[in-house]
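Working notes for the structure below.
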Amino acid sequence: MRTYDNRIKYFELLMKYDDISDYKKYELTEGFHYEFFKPGDEEEWVNIHIESGEFTSIEMGLKHFHDFYDSFIEELTKRCVFIVDSRTGEKVGTATISLLNEPEYGYNGAVDWVAIKKRYQGKHLAKPLISKFMEIANEVGHSKLILHTQTNTWLAGKLYLDYGYEILNKDEHLGWSILKTL
């Protein structure tokens, strides 16, 4: 199954979670652990997104990394988390609770850049990763979150809805109908 499907027309889908003090907790699968971002982990972050289908090159990924994170890069050590394969030390998944410069739809925290390497998908890592970024959001002082996803990562959208995220941009009828159909 494709988790990033560029054959599907792109529509941005916005979701919200309005009380992050109340969230489902899932434990990480045995053999994996979490580590926070450390300076020098930029290429590890990019590799996860290349292997999940988001980027096609290190250069493209590093440009996106710096364009997106440079405004709050010193915060990444408590906002960007990795799932690490404890046997190999390989970073296999990541997510970030972004600190928004300006509120977006009344939200000052956002879930961003969630990805798990394709060969690690299906190993029950996604729900624990969502649980972990909800925990992080609580720790850094957010009470509610906004999340951007898209139709061409429809499986992630379904996962967020199943977890308890709600539709924010309800007027995006075509995008949400694509997600519902899939």
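The values are calculated or read from the model by the stated rules, or taken from the named source; none is laboratory data. This is a predicted model, so every value here is computed, not measured. Using ideal geometry, Cβ is built from the backbone for each residue, glycine included, and neighbour counts are taken over all protein chains shown. SASA here: full protein model, heavy atoms, side chains in, ligands and nucleic acids out. Shrake-Rupley method; radii C 1.70, N 1.55, O 1.52, S 1.80 Å.
When ligands, DNA and RNA are left out and all protein chains stay put, how many square angstrom of accessible area per residue does the chain have with a 1.4 Å probe?
About 52 Å² of surface per residue is accessible.
Among the listed pairs 91/158; 38/123; 123/180; 78/118; 25/63, which are separated by more than 30 Å between their Cα atoms?
Flagged as over cut-off: 25/63.
Using only the alpha-carbon atoms of the chain, report the extent along each of the three principal axes, biggest first, to the nearest angstrom.
Sorted largest first, the three principal extents are 43, 36, 33 Å.
Whole-Hz Karplus ³J(HN,Hα) for region 103-113, in order, using 6.51 cos²θ - 1.76 cosθ + 1.60 and θ = phi - 60°, x for Gly and Pro?
Along region 103-113, the couplings run x, 10, 6, x, 10, 10, x, 9, 7, 9, 6 Hz.
Can you pull out the chymotrypsin sites (Phe, Trp or Tyr not before Pro) in region 45-153 whose DSSP state is coil and whose Cβ has at most 13 other Cβ atoms within 10 Å?
Passing sites in region 45-153 are 105.
Counting helices only, and only those DSSP H runs with n ≥ 4, report the 222 nm mean residue ellipticity of the chain as the sum of -39,500 (n - 2.57) divided by its residues, in deg cm²/dmol to the nearest 500.
-9500 deg cm²/dmol
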